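The values are calculated or read from the model by the stated rules, or taken from the named source; none is laboratory data. The structure displayed is predicted, hence computed values, not measured ones. Glycine also receives a Cβ, built like all others from the backbone with ideal geometry; neighbour counts cover every protein chain displayed.
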């Protein structure tokens, strides 16, 4: 199949080789490149959308995508149901979830919105399995499973950094050695992209309205400044 892949980095760089290993021809565009392009995008068999930095950007991307092909939307910043409400023919949209770094043979979470029909949801599972991924079905909702849990941990680690509980290096070391995490939460946040972490936390807070999902002020400041969690200037 010929696949249109649109979204934020590092998701695009991670998903493109997964799709290519599944035997697909992939045209990949960052969100900025896609939204600024004047070319047409109708000649594709399916679309993979992975804009996770904000609901506003995601809505803008979805509304410009082809209206009649299967659509796989990365459901981190918003639920699949909400995303499907922004497009024509919403029954064709199935959600998925993944976090960078994306391995060649990893796990893809798949979900369905209230509008997703049985045919497209079943086809989504087959599609990702054919790309070498282990598929697990989860309930719809912003963040799904991994992003919801991991981004909440990253947010709490940034809160600890903001409160000067420990240095960034020591927070990561404590979590790696003390909990056997594969990487420290601040290191993980930089690998995912803090803009995406903020998008997930804002999506969770909007959906649940609970303080446990409120983005820490330091996360907002780092995103505004374009700075990483590790190696950022001292707060004072």
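Kindly indicate whether any position in region 27-38 is touching a strand residue (DSSP E or B) at 6+ places or on another chain (Cβ under 8 Å), free of Cβ contacts under 8 Å to residues at least 12 places away in the same chain and not in a helix (DSSP H, G or I). Among the residues of region 27-38, at least one is touching a strand residue (DSSP E or B) at 6+ places or on another chain (Cβ under 8 Å), free of Cβ contacts under 8 Å to residues at least 12 places away in the same chain and not in a helix (DSSP H, G or I), which makes the answer yes.
Could you say whether any residue in region 53-64 is part of a loop (DSSP other than H, G, I, E, B), in contact with a helix residue (DSSP H, G or I) (Cβ under 6 Å, 6 or more places away or on another chain) and under 26 Å from residue 188 (Cβ atoms)? Before you say what the answer is, go through the steps one by one.
Going through region 53-64, the residues part of a loop (DSSP other than H, G, I, E, B) turn out to be 53-54.
Next cut, in contact with a helix residue (DSSP H, G or I) (Cβ under 6 Å, 6 or more places away or on another chain) only: 53-54.
From what's left, under 26 Å from residue 188 (Cβ atoms): 53-54.
Scanning region 53-64, I find at least one residue that is part of a loop (DSSP other than H, G, I, E, B), in contact with a helix residue (DSSP H, G or I) (Cβ under 6 Å, 6 or more places away or on another chain) and under 26 Å from residue 188 (Cβ atoms), so the answer is yes.
In region 190-213, the qualifying residues are those that are closer than 18 Å to residue 163 by Cα and touching a residue at least 40 places away in the same chain (Cβ under 8 Å), and the one that is surrounded by the fewest Cβ atoms within 10 Å (Cβ to Cβ) is 212. For region 173-189: of the residues being closer than 23 Å to residue 10 by Cα and in a loop (DSSP other than H, G, I, E, B), which is modelled with the highest pLDDT? Among those that are closer than 23 Å to residue 10 by Cα and in a loop (DSSP other than H, G, I, E, B), it is 184. Every condition in (1) closer than 17 Å to residue 91 by Cβ; (2) without any contact (Cβ under 8 Å) to a residue 24 or more places away in the chain holds for residue 140 except the one numbered (2).
When residue 70 is tested against (1) more than 14 Å from the chain's Cα centre (by Cα); (2) modelled with pLDDT of 95 or more; (3) closer than 29 Å to residue 226 by Cβ, just one condition goes unmet, and that condition is (3). Residue 152 meets each of the listed conditions (1) touching a residue at least 24 places away in the same chain (Cβ under 8 Å); (2) closer than 15 Å to residue 72 by Cβ; (3) crowded, with 16+ Cβ neighbours inside 10 Å apart from (2).
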